[in-house]
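Take a look at the structure set out below.
The values are calculated or read from the model by the stated rules, or taken from the named source; none is laboratory data. All figures in this text were calculated on a predicted structure; none of them were measured in a lab. Every residue, glycine among them, receives a Cβ derived from its backbone with ideal geometry; neighbour counts consider all protein chains shown. For accessibility, only protein heavy atoms count, side chains too; no ligands or nucleic acids. Shrake-Rupley method; radii C 1.70, N 1.55, O 1.52, S 1.80 Å.
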Amino acid sequence: MRLVAGIALALAATLSVAPALAQRVDLTLEERTVNMNGTDRPAVTVNGQFPGPLIRLREGEEAVIRVTNRLDRSSSIHWHGLILPAAMDGAPGFSPGFMHGIGPGETFEYRFPVVQSGTYWYHAHNLDHEQRGLYAPIVIDKREAEPFRYDREHVVQLSEWTDERPLRVLQNLKRDPGYYNWNRRTLVDLIRDLNRAPDGEARRAIIRDRVDWGNMRMDPTDIADVTGATFRYLVNGFRPEAPGTLLFRPGERVRLRLINSGAMTYFDVRIPGLKMTVVQADGNNIQPVVVDELRVAVAETYDVIVEPREDRQYQILAEPMDRTGWARTRLATRMDAPVEPLPPHRPRPVLTMADMMMNPGPTGLDRGTPLPERDQPGHVAPMGGMDHGSMAGMDHGQMQGQAAAPAGQAMDHAAMGHGSMNHAAMGHGSMDHAAMGHGAPAQAGAHGPGTPATTTAGGMQAHAGHGGMAMSDPVVHDTGAPPGARVLSYRDLRQLRPDPESRPYDRIIEVRLTGNMERYIWSMNGNEFWRAQPIVARLGERLRIRFINETMMNHPMHLHGMWMVPDLGNGAFNPRKHVVNIKPATTLDVDVIVDAEGDWAFHCHLLYHMESGMMRIFRVARDGAPVASAQQPRQAVMPAGHNH
Amino acid sequence: MDQRPFALGLLVAALLVAVLETGAASAGSAPAEAGAPGRRQEARRTVEVVMRDNAFEPASIQVRAGETVRFVVGNRGEVVHEFNIGTPAMHEAHRREMQQMMEHGMLTATGMNRNAVHGSHSEMAHDDPNSVLLEPGKSGEIIWRFPRGGTLEFACNVPGHSESGMVGRISFAR
Amino acid sequence: MTFEMPKTVAAGLLAAALSSSAAWAQAGGGHGAHAAPAPTAENPSPVQGAGAAATPSAQGDENQARHPPPETYGIDARHPPLYFGAVLFDQNEVRSNGRGSPIYAWEGSGYYGTDYHRLWVNTRGETSRERGGLERAEVQVLYSRLLGYYWDIQAGVRHDFRIDPHEGTPARTYGAFGLQGLAPGYFEVQLQGFVGGDGVFLARAAASYDLFITNRLVLQPEAELNFSTGWDRDALIAPGIYRTEVGLRLRYEITREFAPYIGYSFESFNGGASGLNRRLGQKPSQSTVVAGIRIFF
């Protein structure tokens, strides 16, 4: 009797766990010619399409995707942002059983339960194939109703195309990191600026600024490594001169699924005449935010809802951060609507000394590696050039100290707000979560010296200028938007519901984003991938990664297989993301919910940075399990004594 | 240092006044455009409205010209929602106020922050007769006498909610 | 100066440098190029029998043939460091002093290797105004290693070719070492020392700067000083600063690869070296107008 009950139970359990249906998809990878700029070039297509075909899945079902490689070299498909078993992740060299990817002529069957919903994408996990077109959207329909309504949806997939071989582009960058930058500051600019300067003091400041940058041997115009000099920016594979058309009927609510599938390009997206209501970030529902513009970092996705009411054309403009081109598509009521002219470019940003004002927070924390690591030569810029006139004698320590006070204030204030929030009647514990979220930074103090609160985005709200010099806010983007326009910041991202996994972190490790602008070397903690050790996390822990960006570039950091939760001061409402952008010279704390065993890729999603070595194995082991494996590069097993 | 709470208090007070005035104004102008608070004994019909996270059930409501309806509204979501009857312009104005309340911490994702509005006024902060603001799990009611016609919507004006679809049409049966 | 470095030592040094570079590459690649480690034993596929079974087995070396890696390796853990190279002919020009036939002169460098270790070749030379053939030609073969963010340290050999048995300079081979990089202010700097020849120690310091007038129009001033500790009369070398070179070139970068330019160059033998030159019937200093094409690929 008991046995029967047991069997019945087991059966019931199986039934409830096993996905009901299987979605079957067949994909074939093939090289085909495309002609973007008047020359036939070899693209990598999926089922003959460039970019690849959209895959539509349903939450709760099982996905069965067979990928056949008809290329002459090994390839792979990685399901970006999907939570799945490590063996199905599609990262050659990481995913067990997938060490070489999919060889020519071979078929690999991916099979995984679909446990989430939202907008994602898939792509080859190597620079060459991805840059040449092996990327496409994934849309997963939610099992229950979405927490928002729309009448129509469109995918807006942003990307770039280059006629050059991606390997050649990388070599060009290695030979000359400014190879694609045709917007350096020139003598002509200097004369113009001096002429415009109102007085002698301003002119001296201009000269001083030039001298400072020269002394630092850094280029303030280095906004993007690869620019419109070689890239054509695309939306859904269409060039801006011949944009695609997304149909709507006036009065409809249109969901746009924005995906940045660019290899290197940050896009500033706006739709003149329409407000965008952001309802999802990286596939996860957020409390809707109405914005005028948003910056989409490489590999991020955002879902926005727009309500075009008029019977006219609305341009969806995506301007690369360095303003060297356009990506655009349009919402229109008919396919044959005439193509409207593009607006003039926004001013091109230049880095300022504030962007260089490194706020490292307390460094020298645990790196999560089995052995201590030492920076390779040339990975950290000598910052001697930073102590000069424009800083007016403010040394870094002082800056930090000054920033600490108001940040602390902000924290107190926030804590007060939450603490006094009397939600006794609500009785669902959201207040507890919020309180925990705020408790976390305080705990950080116990882990390391200094005041981590100064460095987290959550504490930066009241950072405003000190002595006219503010450190750059780690999550606010200056898109050049007109005054009054609202630009999305990470701080606006709040989960729709309090995160059930929200709790204080168990451990904090430091991930410095390092590199050499002159050599085009990119690394994490001063070691390129092939000489680095894995970062080891324990299954079940909540691991806080303190990202410290020591470079001048933005880095969209991507972790496979698990969610990252940036600490934005939103407590239990901090969003779950698969890509977290780390702005130049800033620090951001990001918690990882370590719930997936195996080896996972952890890297900068700028593909040329990844290819140059900005990547690690993120190894999740059960407590007590040995962490070393055959995969560990030999060099990493160096004799101890490299302690610092 | 000490000025901060004071300044915040002032700001809050100013916003409150703004909210109350608009509330009064909209209530005042309601008979002409959106209707007016109704009396319980006049309400012949009760409509149950369920608010989930960023959706209404039902998605649209039909009323008769001049009818008084009792709405029983329940928030079954996990964040704060509002049921508000008005013209699109009234909603638009109210949305801006709610946005400001949110930005200044008076309104959080899960409810009114009573301390931020200094207790005594908190209950008044959102008691326009044409709307009810409900924390998760709460319910409330509105008795509303509709005009003879016009363009009316019911909406949740918590920032982002109506924009993402938490808005419905009120149509007049002939 | 007993600081002599026989050719064999220099050659040995270079060989060692090259082989260490190769050895490093191997080590850096973890397990050599593509001899793949087996999938980690502690991470078996949680979806047993499904995808894992359909997976082409990823074991052993035969996979190398079956799985030619993509041109770029992506996140392949067996990724070896990227090997790449470049060639820059900064000076590739015709020089004229307004009298007689113009001469051709070049100064270029090239390298191949990784971010850290490179085989580096420098070359320079010019034709003779009188005879038409080569007058001077120098080749350096160096091992170059990244020292810090902006600097490479280099060591190897320099060979000055013997041009003409009667009038030109004789062949000389030196051991060479140097430092090359970017100094504060964005100055390209090269400092080199040479030992060998006739037992003299030579030093060379060169610096240049790219002044961007526009993004394509670039004015490049450059200067070079040559210093010696002793006499090498046949090679026209005298103690002290024996030769200086100053130039100013204005180039237009049609592409990064191809930039025509015009400019001015002043070369001068100084001190005792000017006398050595006069004895050969040559003017110790020369001002020339130059025109050429800068090549970078």
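Worth a mention:
- Of the GluC sites (Glu not before Pro) in segment A:123-210, those whose Cβ has at most 10 other Cβ within 10 Å and which sit in DSSP loop: A:GLU144
- Simple spin-label estimate for C:SER287 and A:ARG507 in nanometres, 7 Å along Cα-Cβ: 7.2 nm
- Segment C:ARG278-C:LEU219, extension gain: residue separation times 0.36 nm, minus the distance between their alpha carbons: 17.9 nm
- Distance between segment A:294-335 and segment C:181-250 - C-alpha centres, whole angstrom: 54 Å
- Loop sites in segment C:178-259: trypsin sites (Lys or Arg not before Pro), DSSP, at most 15 other Cβ within 10 Å: C:ARG216
- For segment A:560-588, the residues whose backbone nitrogen is under 18 Å from a point 7 Å from the Cα of A:VAL115, taken along Cα to Cβ, are A:560-565, A:576-579.
- Largest first, the three principal axis extents of the alpha carbons in segment C:200-264 are 45, 19, 18 Å in whole numbers.
- Note on C:ALA183/A:GLU31: beta-carbon distance plugged into 1/(1 + (r/R0)^6) with R0 of 51 Å gives a FRET efficiency of 0.65.
- The convex hull built on the alpha-carbon positions of segment A:126-266 has an orientation-averaged projected area of 14.4 nm².
- For A:PHE148, net neighbour charge (Lys/Arg +1, Asp/Glu -1) across residues whose Cβ lies under 10 Å away: -1
- Reported to the nearest whole Å, the Cα centre-to-centre distance from segment B:69-101 to segment B:32-54 is 13.
- Looking at segment A:2-145 alone, DSSP beta bridges between its own residues are antiparallel in about 70 percent of cases.
- Working value for segment A:2-145: equivalent-ellipsoid semi-axes of 34, 17, 11 Å, each the square root of 5 times a Cα gyration tensor eigenvalue, largest first.
- Inverse of mean 1/r across different Cα pairs in segment A:57-111, Kirkwood, Å: 11.6 Å
- The candidates C:ARG278, A:ARG56, arranged from most to least accessible area with a 1.4 Å probe in the full protein assembly, appear as C:ARG278, A:ARG56.
- Ratio Rg/Rh, restricted to segment C:110-197 and using Cα atoms, in which Rh is the Kirkwood radius: 1.07
- Candidate lysines - alpha carbon under 19 Å from A:LYS142, same-chain residues fewer than 8 apart omitted: A:LYS577
- If you bin all the Cα-Cα distances of segment A:277-348 at 5 Å, starting from zero, the percentages per bin are 3, 12, 20, 21, 20, 17, 7, 0.
- If R0 equals 45 Å, the separation of the Cβ atoms of B:GLU103 and B:GLN62 corresponds to a calculated FRET efficiency of about 0.80.
- A convex hull fitted to the Cα coordinates of segment C:155-297 yields 129 cubic angstrom per residue.
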